[in-house]
Amino acid sequence: MLFTTDKQTQEDLNIYGKQGTDSILSLFNRTSTLNGARVLEEMFTYPLSDAESINKRSGMIGYLKVVQAGFPFSSELFDRAEQYLADTDERTKLSTERPSLEKQLTGLVAADAHYKQIVNGVSALIEIIKQLDSLLKSTLLVAGSPFKSDPETISIVTLLAAEPVNLLLQESPKHKFAREKLATYDMQLRFRHRETIQRILRYIYQLDVYITVAKVAAERSFVFPKALPKEEHVIKIDAFYHPQLKNAVPNTLDIDPNNNLVFLTGANMAGKSTFMKSLGIAMYLAHMGFPVAAKKMEFSVLDGIYTTINLPDNLGIGASHFYAEVLRIKKVARELNTGKNIFVIFDELFRGTNVKDAYEATIAITSAFAKKRNSMFVISTHIIEAGDVLKERCANISFKYLPTRMKGTVPEYTYTLETGITDDRHGMIIINNEGILELLKKGRETIQ
Amino acid sequence: MSFIVDKQTLEDLNLLGKFKQYSIFSLFNKVNTTGGEKLLIEMFKTPLTDPAAINKRSAIFKYFQSRQFSFPFSNEQFSVMDNYLSAAGGKYHLVTLIALGKKKLLGAVIRDEEYQKKLSNLQQTITLLNACKTFINQFSNDEDHPFSNEVLAVKNILNDPKLDWLASAQNTLPSLTQMAAYDHLLRHKMQATLTTVVEIFYQLDVYIAIANLAQAKGFEYAQALPKKDNLFTATALKHPGIEKAVGNPVSFHHNSNMIFLTGANMAGKSTFMKAFGINVYLAHMGFPVAAKEMQFSVKDGIYTSINVPDNLNMGYSHFYAEVLRVKNVAEEVSSGKSLVIIFDELFKGTNVKDAYDATLAVSSAFSQYPKCFYIISTHIIEAGEVLQQQSNIQMLYLPTIMNGNIPAYTYQLQQGISSDRHGMMIIENEGILEMLEN
């Protein structure tokens with residue numbers, strides 16, 4: 001089954017970001033090859049949904065991090081090889097016949113572009129294969145490497161040992177080929193064994209991604225999460241933080257079936273959204289087998305992730321923000337109804353409607369969500385009164401808050417999660433800080 | 001002093017914007033000419049604060065509505081004339097003649113099109129001036145009406161003997177010398193006076209268009225009273241942009257300066273508040289209003305807080321944005337101005353207790369300024385129960401009638417406080433809770 005998520009979630013977590021802005025993808029998007037970047041993007045589009053493949057991928061990247069592997073190929077080689085392979089026109093096939101005298105003479109004056117491209121392509125492929133061979137031997141296939149048991153690596157090794165690839169290994173890339181030999185290579189590489197060659201290249205692009213991600217993990221000291229079987233329904237995440245923030249404050253969270261809903265309160269500036277985004281990003285990356293910004297992470301694999309953090313309000317149509325939220329909840333409810341176990345984040349649930357409706361709706365929706373023990377929820381709200389009711393109604397809700405410390409009248413934020421419901425009532429404090437009531441009182445006195 | 005209105009208010013009430021769907025400007029923008037449109041934009045941007053000026057303008061509209069003229073000219077005709085007249089001609093007759101002669105020669109030799117173009121512009125201007133003359137002469141001289149000064153000015157200019165040739169020149173091709181003479185007269189000697197004519201015709205365009213719209217939509221004119229009367233009354237006030245809108249009576253005075261409005265989400269609270277704001281604004285422009293028997297003391301300005309945008313990029317939450325808006329209004333109110341103020345569902349982004357405290361404190365503090373008129377809507381009926389004891393606050397609500405599961409709305413104001421809410425019903429109608437039960 002595919003891991004499901006949607007555009008709203010990816011926008012909330014800033015997975016792809018807008019063109020030219022920093023995003024989670026751009027954090028990792030430093031591959032040497034252009035096609036590597038494409039493979040990376042594909043991995044972001046399709047997170048994994050079984051523990052085995054997640055652990056396998058993170059194991060391989062983790063290994064590359066430990067051995068500090070570098071990408072030994074020059075990216076220009078791949079440009080040459082791809083350009084060469086892209087030409088699938090049979091008529092450009094190099095013939096084994098000796099060219100006519102006339103052609104030879106023209107060749108002397110102006111080099112034959114076709115011929116040159118074939119020479120370029122074949123020599124690039126020779127160099128790529130040779131370097132791959134040495135990378136395999138020096139790094140990937142040594143004792144203790146997870147690549148040794150990777151089926152794709154094993155089949156690549158087999159391909160390297162078979163014709164025609166094994167012939168390339170004996171060539172020297174600087175070697176000037178006899179026309180006849182070049183024609184044979186051309187026919188084999190570009191036409192007969194085209195698929196084999198492309199498969200090898202794809203393997204290298206994937207390596208490019210893994211090596212890049214390993215480097216990022218090393219630079220930023222990210223850790224590799226351990227995927228647990230689906231049935232355990234737990235998340236344990238130590239000291240996680242937002243990977244895009246400098247000096248982010250780490251937090252720790254445990255979720256299990258007896259504590260599967262986190263009810264988060266706190267003042268507006270206390271960092272609720274950042275906390276939720278950090279958690280969402282960690283869960284997303286973890287399902288890709290990628291390293292996360294945390295000290296330690298274990299998680300049961302889920303079927304999908306849905307967040308609602310910046311729901312676009314369409315205020316032009318009046319009361320529709322509330323309705324947009326209702327529809328969003330309906331979408332999540334439908335997913336839950338199909339029996340999926342998903343990870344759900346709702347930031348400032350029902351912020352668009354009046355407090356009375358928000359109060360009732362928050363209680364109804366939260367307690368209904370809490371019954372889905374195998375899914376996990378993080379819900380933040382400003383309606384702290386709803387928390388008191390939920391405390392009595394559902395035993396499996398864990399109440400957390402981000403505190404505000406008042407220094408005189410100036411609020412300060414710790415960004416460190418605490419247990420309980422906030423008792424900060426900032427509404428009146430803010431109004432008093434702005435001096436609205438005094439302003440009105442004073443004005444009346446001066447007028448009189 | 002000009003009438004105070006800010007960007008937030010203009011957007012809440014959707015007043016301006018030619019290309020904005022359903023903007024009040026586009027509702028009224030039925031003028032024919034670009035010049036008329038400019039004038040209309042100007043009127044929309046600068047409502048008046050002098051009751052005499054307001055009543056004078058509405059009297060002009062009323063007069064035109066009674067006469068039911070139609071503006072017989074197209075925008076193309078007017079823009080040709082406007083462009084032609086506003087491009088100043090030569091100072092000396094001789095220079096004009098030589099320049100024209102040169103153009104004619106060029107036209108003959110190298111097929112330069114400029115002479116032909118000039119000729120055609122001149123001819124069109126002559127035709128239009130003749131038409132203007134016919135139009136303006138249908139106003140009789142002895143009639144006394146609020147636009148008579150302007151009409152007389154145009155008449156005097158167009159009936160000037162210097163322009164007697166206009167009638168005969170319309171259907172004949174002028175010679176080079178004639179053309180130079182006309183050109184010199186129209187664009188140099190009489191340029192300033194003729195510009196006045198064009199401007200007055202732009203005014204006519206606006207007055208006729210608005211008067212005819214008022215006739216078609218059944219709008220009426222409000223009577224402006226001096227500021228010190230501190231009064232507002234209207235029967236059947238409705239939203240001008242909504243066909244079949246339900247009219248409601250509204251009244252404010254010194255001892256009753258606040259409406260505390262309750263009702264369910266779809267019951268029409270916002271529409272009612274917007275309708276009130278829009279009509280107040282239109283009335284200050286001297287424009288026809290969607291209300292009957294409306295009388296109002298002029299105010300210094302209007303502030304609304306209906307759709308306050310949160311500025312999350314600047315770190316402002318919705319709540320904080322609202323607080324800043326209220327503060328902004330409080331500053332204006334406490335400086336002693338007479339204002340109209342509309343607050344729709346304040347303090348959404350906070351907890352129930354704070355929303356209650358804040359609504360109560362803020363409403364009660366504002367209501368102490370009798371020179372300002374307020375409409376405040378909320379779902380926190382408990383605040384209403386406390387505010388009820390203040391005699392200057394009117395408790396009104398918009399009712400919901402339930403037909404089984406389906407709510408119906410009358411849009412007719414009632415006395416009292418309503419506890420209707422439909423948030424949960426919307427959730428139930430979507431079947432979300434059942435979905436989660438399974």
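Coordinate-derived values only; no laboratory data. Note that this is a predicted model, so its numbers are computed, not measured. Cβ atoms come from the backbone with ideal geometry, glycine included; neighbour counts cover every protein chain shown.
Pick out, from B:THR233, B:PHE347, B:ASN141, the residue whose Cα sits farthest towards the positive end of the charge dipole of chain B, with +1 on the Cβ of Lys and Arg and -1 on the Cβ of Asp and Glu.
Of the candidates, B:ASN141 comes out farthest on the positive side.
Taking one equal scatterer on every alpha-carbon of the range B:67-215, how large is log10 of I(q)/I(0) by Debye at q = 0.21 1/Å?
Ignoring solvent entirely, the Cα scatterers give -1.37.
Within the range B:10-43, whose backbone N sits under 14 Å from a point 7 Å along Cα→Cβ of B:PHE69?
B:32-33, B:36
Given the Cα atoms of the range A:226-443, and with Rh set as the inverse mean 1/r over their pairs in the Kirkwood sense, what is Rg to Rh to two decimals?
Rounded to two decimals, Rg/Rh equals 0.99.
Just tell me which aspartates and glutamates come within less than 16 Å, Cα to Cα, of A:LYS372; anything on the same chain fewer than 8 places away is out.
A:GLU231, A:GLU232, A:ASP256, A:ASP303, A:GLU335, B:GLU434, B:GLU437
Using only DSSP helix segments of four residues or longer, with each worth -39500 (n - 2.57), what per-residue ellipticity at 222 nm results for chain B after dividing by its residue count and rounding to 500? Spell out each step's value before the answer.
Numbers: 17 runs with 215 residues, N = 438.
After summing the helix terms and dividing by residue count, I get -15500 deg cm²/dmol.
Quick check: Cα centre of the range B:112-151 to Cα centre of the range B:43-102, how many Å?
Each part reduced to its Cα centre gives a spacing of 10 Å.
In degrees from 0 to 90, rounded to the nearest 10, what is the angle of the helix B:318-334 Cα long axis to the longest principal axis of chain B?
Between the helix axis and the principal axis of chain B, the angle is about 70 degrees.
Using the alpha-carbon centroid of each, what span in Å lies between the range A:392-409 and the range B:179-239?
Their Cα centres are 62 Å away from one another.
Compute the length gained on full extension between B:GLN116 and B:LYS20: take 0.36 nm times their separation in residues and subtract their Cα-Cα distance, giving the result in nm to one decimal.
Working: separation 96, 0.36 × 96 = 34.56 nm, distance 4.04 nm.
Result for the pair: 30.5 nm of gain on full extension.
In the range A:31-220, how many lysine pairs have Cα atoms under 22 Å apart, counting only pairs 8 or more places apart or on different chains?
For the range A:31-220, the number of qualifying lysine pairs is 26.
Nearest 10 degrees is fine. How inclined is helix B:51-67 to the longest principal axis of chain B, computing both from alpha carbons?
Here the helix axis deviates by roughly 70 degrees.
Which whole DSSP H helices in chain A pass both tests: a Cα extent of 30 Å or more along the axis and a mean Kyte-Doolittle value no lower than -1.0?
Span-like helices, by this rule, are A:113-135, A:194-220.
Springs between alpha-carbon pairs under 10 angstrom, Gaussian network model over chain B: which of B:LEU106, B:LEU97, B:LEU119 fluctuates most?
B:LEU106
Of the options B:ALA361, B:VAL5, B:GLN170, report the single residue whose Cα projects farthest towards the positive end of the charge dipole of chain B (beta-carbon charges: Lys, Arg +1; Asp, Glu -1).
B:GLN170
If each of A:GLU76 and A:ALA162 carries a label point 7 Å out from its Cα toward its Cβ, how far apart are those two points in nm?
Computed distance between label sites A:GLU76 and A:ALA162 equals 3.4 nm.
Compute, for chain B, the length of the dipole vector about the Cα centre, with Cβ point charges of +1 (Lys, Arg) and -1 (Asp, Glu) only. Units Debye, rounded to 20.
Working: 38 positive and 40 negative charges, 356 e Å.
Roughly 1720 debye, rounded to the nearest 20.
So, in nm, how far is label A:SER172 from label A:ASP238 when the simple model puts each one 7 Å beyond its Cα toward the Cβ?
About 5.5 nm, to one decimal.
222 nm [θ] for chain A, helices only, -39500 (n - 2.57) per DSSP H run of 4+, per residue, to 500?
-15000 deg cm²/dmol
Can you find, among A:ILE154, A:ILE129, A:LEU94, the residue farthest towards the positive end of the dipole of the range A:31-220? Put +1 on the C-beta of Lys and Arg, -1 on that of Asp and Glu.
A:ILE129
Note down the magnitude of the dipole of chain A about its Cα centre, charges +1 on Lys and Arg C-beta and -1 on Asp and Glu C-beta and zero elsewhere, to the nearest 20 debye.
Computed charge dipole of chain A: roughly 440 debye.
Could you work out, for the protein assembly as shown, what percent of all Cα-Cα pairs fall into each 10 Å distance bin, beginning at 0 Å and stopping at the bin that holds the largest distance?
In whole percents, the pair-distance histogram is 2, 10, 14, 14, 12, 12, 12, 11, 9, 4, 1, 0.
Given the C-alpha centroids of the range A:1-75 and the range A:238-303, what is the distance between them in whole angstrom?
The range A:1-75 and the range A:238-303 have Cα centres separated by 18 Å.
For B:LYS91, list the aspartates and glutamates whose Cα falls under 18 Å from its own Cα; do not include residues on the same chain fewer than 8 positions away.
B:ASP183
Give me the dipole magnitude in Debye, nearest 20, for the protein assembly as shown about the Cα centre, with unit charges on the beta carbon: positive for Lys and Arg, negative for Asp and Glu.
That gives a dipole near 1680 debye.
Please give every one of the lysines within straight-line cross-link reach of B:LYS348, meaning a C-alpha to C-alpha distance under 22 Å, and leave out same-chain neighbours fewer than 8 residues apart.
Within the straight-line limit of under 22 Å, B:LYS348 reaches these lysines: A:LYS272, A:LYS356, B:LYS7, B:LYS269, B:LYS274, B:LYS327.
To check you understand DSSP bridge types, tell me what percent of the beta bridges within the range A:226-443 (both residues inside) are antiparallel, rounded to 5.
40
Under a point spin-label approximation (7 Å from Cα along Cα-to-Cβ), what is the A:ARG220-A:GLN19 distance to one decimal in nm?
Here the answer is 2.4 nm between the modelled labels.
Quick one: of B:LYS45/B:LYS228; B:LYS244/B:LYS299; A:LYS295/A:LYS407, which pairs are farther than 27 Å apart, Cα to Cα?
Too far apart for the 27 Å limit: B:LYS244/B:LYS299; A:LYS295/A:LYS407.
Taking each pair of distinct Cα atoms in the range B:376-421 once, what is the resulting Kirkwood hydrodynamic radius in Å?
Result for the range B:376-421, one decimal place: 11.7 Å.
Work out the FRET efficiency for B:ALA167 and B:THR195 from their Cβ-Cβ distance, taking R0 = 22 Å, and round it to the nearest 0.05. Walk me through the numbers before you get to the answer.
Details: r = 22 Å, r/R0 = 0.98.
Using R0 = 22 Å, I get an efficiency of 0.55.
Rounded to two decimal places and with Rh computed the Kirkwood way over Cα pairs, what is Rg over Rh for chain B?
Details: Rg = 28.6 Å, Rh = 25.4 Å.
My calculation puts Rg/Rh at 1.13.
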